[in-house]
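A quick write-up on the structure given underneath.
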Amino acid sequence: VLLAVARGDGSPFYEALAGLGIPLVSHTGWERTLPTANDRVADPALLRPALERGVTVIMAHCGTKSFYGESCHVDSFMRMARAWEHCYGDTSALNLPTRSYGWRRLLEDDVVRDKLVHGSDWPILPLPPLRRVGLGGALALLREKNWMKRDALVKQRLGLEGEYWTRAARLLRMNTA
């Protein structure tokens with residue numbers, strides 16, 4: 001999808017998504033866990049045409065980098081989340097040491113915080129962000145052997161609550177009954 005956007009031919013796709021009310025979940029930021037197709041598509045700003053056409057967009061990883069020395073796109077994501085009502089960011093992989101730096105800025109901005117969507121990035125091992133939860137808190141969280149539960153416990157410890165846990169189901173129009 002983003003390669004089509006980078007070439008400038010994503011309009012019909014976005015118009016179809018908007019017309020049908022189908023949200024777009026797209027990777028943002030750098031990726032090193034899997035082979036990288038094209039690092040030019042890391043910037044969330046490439047999703048602006050979708051937002052301009054009314055597509056609900058969920059930006060995976062909120063534009064964070066996956067390795068030291070890469071470009072960071074968190075500010076780009078945050079500007080877009082503030083500018084468009086239908087722009088969201090998922091928090092998958094933010095419990096990795098190379099991405100957890102994003103928590104501070106994301107959680108301190110009330111508008112952006114209300115645009116966060118839970119994502120786990122399972123089976124990637126979640127590690128508690130030491131700077132945010134402290135050594136004792138990190139050690140306690142690491143005792144949880146279930147990785148998905150640990151990821152959720154870390155996010156609860158960071159203060160994520162309420163609609164954060166159900167926002168994805170609402171945006172994806174999932175029947176939760």
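For D75 and D114, the FRET efficiency from 1/(1 + (r/R0)^6), where r spans their Cβ atoms and R0 equals 22 Å, is about 0.80. Computed from label points 7 Å out along Cα-Cβ, the spacing between R173 and R53 is 1.7 nm. Heavy-atom accessible area for D109, with the other protein chains in place and a 1.4 Å probe, reaches approximately 30 Å².
Just want to confirm a number: the relative contact order over the range 33-177, from Cα pairs under 8 angstrom separated by 6+ residues, in percent.
On the way: 181 pairs, mean separation 26.2, N = 145.
Result for the range 33-177 is 18 percent.
Of the residues G54, G136, G63, the one that moves most in a GNM of the chain with alpha-carbon contacts below 10 Å is G136. Each label was represented as a point 7 Å from its Cα along the Cα-to-Cβ direction; for E15 and Q156 these points are 4.7 nm apart.
Might you report the magnitude of the Cβ-based charge dipole of the chain about its Cα centre, with Lys and Arg at +1 and Asp and Glu at -1, to the nearest 20 debye?
On the way: 24 positive and 19 negative charges, 107 e Å.
Once rounded to the nearest 20, the dipole reads 520 debye.
Result for the chain in a Gaussian network model with C-alpha springs under 10 Å: among A16, A50, A42, the largest mean-square fluctuation is at A16. Test of understanding: in a Gaussian network model of the chain with alpha carbons linked when under 10 Å, which of P44, P126, P12 would top the mean-square fluctuation ranking? In this elastic network of the chain, the residue with the biggest mean-square fluctuation among P44, P126, P12 is P12.
Taking label points 7 Å from Cα along the Cα-to-Cβ direction, T166 and N146 give a separation of 2.1 nm.
Take the Cβ atoms of L125 and E85, set R0 to 22 Å, and the FRET efficiency comes out at 0.05.
For every other residue with a beta carbon closer than 12 angstrom to the beta carbon of V117, add +1 if it is Lys or Arg and -1 if Asp or Glu, then tell me the sum. So the surrounding residues net to +2.
Around the Cα centre of the range 72-162, unit charges on the Cβ atoms of Lys, Arg, Asp and Glu (plus for the first two, minus for the last two) sum to a dipole of about 380 debye.
Going by average Cβ neighbours within 10 Å, how do the peptides 95-101, 76-82 rank, with the highest at the top?
On the way: 95-101: 19.4, 76-82: 21.6.
Going from most to least packed, we get 76-82, 95-101.
Calculated FRET efficiency, R105 to L135, Cβ-Cβ distance, R0 = 22 Å: about 0.45 to the nearest 0.05.
So which GluC sites (Glu not before Pro) in the range 69-171 end up in coil per DSSP with only 11 or fewer other C-beta atoms within 10 Å?
E85, E161
The values are calculated or read from the model by the stated rules, or taken from the named source; none is laboratory data. Please read these numbers as outputs of a predicted model, since none were measured by experiment. So basically every Cβ, Gly included, is an ideal-geometry build from the backbone, and we count neighbours across all protein chains shown. The protein model used for the area step is the full one, side chains on, heavy atoms only, and it has no ligands, DNA or RNA in it. Shrake-Rupley method; radii C 1.70, N 1.55, O 1.52, S 1.80 Å.
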